[in-house]
Amino acid sequence: MGSPLIIEDFEEIAPIRFTPRRPVTDDDFIALCQRFEHYDVEVSAEGEVSLLPMPYTKTSRKNARVVFQLTRWSDQDGRGDVFGPDGDIVLPNTARKRPDAFWIRKDRIAAQPEWQQETFYRLAPDFVIEIRSSWDRLNRLKTKMEEYITNGVQLGWLIDPEEKTVWIYRPNREPERLDNPSSVVGEGPVEGFVLDLTEVWS
């Protein structure tokens, strides 16, 4: 375990991004989250730390409704577990991400070493959902979704309440755009899940 990151370790500081001089460990990541408690903290595969503004209150409500629906379905289905926007994961490319909602099969979780089950899961979720906040750039979220798929996510939904669109991401296929759908139907790992978008659009 190395010494904790301090401000002098940063090569440069921008309004929301900086690059430490060495890879970010789990302990470093926790320290960053504590230091920048009013931001969502993510780390790219290249080691760049991003400080993202917290979502607006109305976006938080939309997130809660989506996580609630996914959890309700998952509890009935029984094959996996649901995680919300306060859950961090480490993708196979070492990027640390925080999806708004994600689902992982229980057998994949159980297959991880015990120490990983007690810290940050190091795997790609089976299914992820990102919900665009009004301040967020759509292109940034699209790049994030592509990174999920490249790292092994089997299905991803990018929900844009501003435009009332849903972008569906699948491996080896171009994203599919749905305009103002009343719901979106799960497939693959989450076949049988139907997300009602009424309260997300409201």
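Would you mind stating whether Thr150 is β-branched (Val, Ile, Thr) and farther than 24 Å from His38 by Cα?
yes
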Seminar exercise, completed: Of the residues in region 128-160, those that are assigned to a loop (DSSP other than H, G, I, E, B) and at pLDDT below 95 come to Arg132, Ser133, Ser134, Trp135, Asp136, Arg137
Exercise. Do you know which residues across region 97-127 are under 9 Å from the mean Cα position of the chain (by Cα) and not in a loop (DSSP other than H, G, I, E, B)?
Worked result: Lys97, Ala101, Phe102
Exercise. Tell me, which residue of region 178-202 that is in contact with a helix residue (DSSP H, G or I) (Cβ under 9 Å, 6 or more places away or on another chain) and assigned to a strand (DSSP E or B) is surrounded by the most Cβ atoms within 10 Å (Cβ to Cβ)?
Worked result: Leu195
Exercise. Is it fair to say Thr25 is of a type in the set (Ser, Thr, Tyr) and surrounded by 15 or more Cβ atoms within 10 Å (Cβ to Cβ)?
Worked result: no
Exercise. How many residues are modelled with pLDDT of 95 or more, in contact with a Lys or Arg (Cβ under 8 Å, 6 or more places away or on another chain) and over 16 Å from Thr150 (Cβ atoms) when one looks only at region 79-99?
Worked result: 3
For this session: Enumerate the pairs (first residue in region 161-180 and among the hydroxyl-bearing types (Ser, Thr, Tyr); second residue anywhere and assigned to a strand (DSSP E or B) and exposed (fewer than 12 other Cβ atoms within 10 Å of the Cβ)) with beta-carbon separation below 7 Å, excluding pairs fewer than 6 apart on the same chain, so at least 6 apart or on different chains.
Result: Thr165/Asp179
For this session: Could you tell me whether any residue of region 47-60 is free of Cβ contacts under 8 Å to residues at least 24 places away in the same chain and of a type in the set (Val, Ile, Thr)?
Result: yes
For this session: Mind listing whichever residues of region 45-61 are within 19 Å of Ala101 (Cα to Cα) and not in a strand (DSSP E or B)?
Result: Met54, Pro55, Tyr56, Thr57, Lys58, Thr59, Ser60, Arg61
For this session: Go through (1) at pLDDT 90 or above; (2) crowded, with 19+ Cβ neighbours inside 10 Å; (3) not assigned by TED's automatic domain parsing to the domain that holds Glu146 one by one and return the number of the condition Leu32 breaks.
Result: (1)
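The values are calculated or read from the model by the stated rules, or taken from the named source; none is laboratory data. Note that the structure is a prediction, hence the values are computed from the model and not measured. Backbone-built Cβ (ideal geometry, glycine too); neighbour counts: all protein chains shown.
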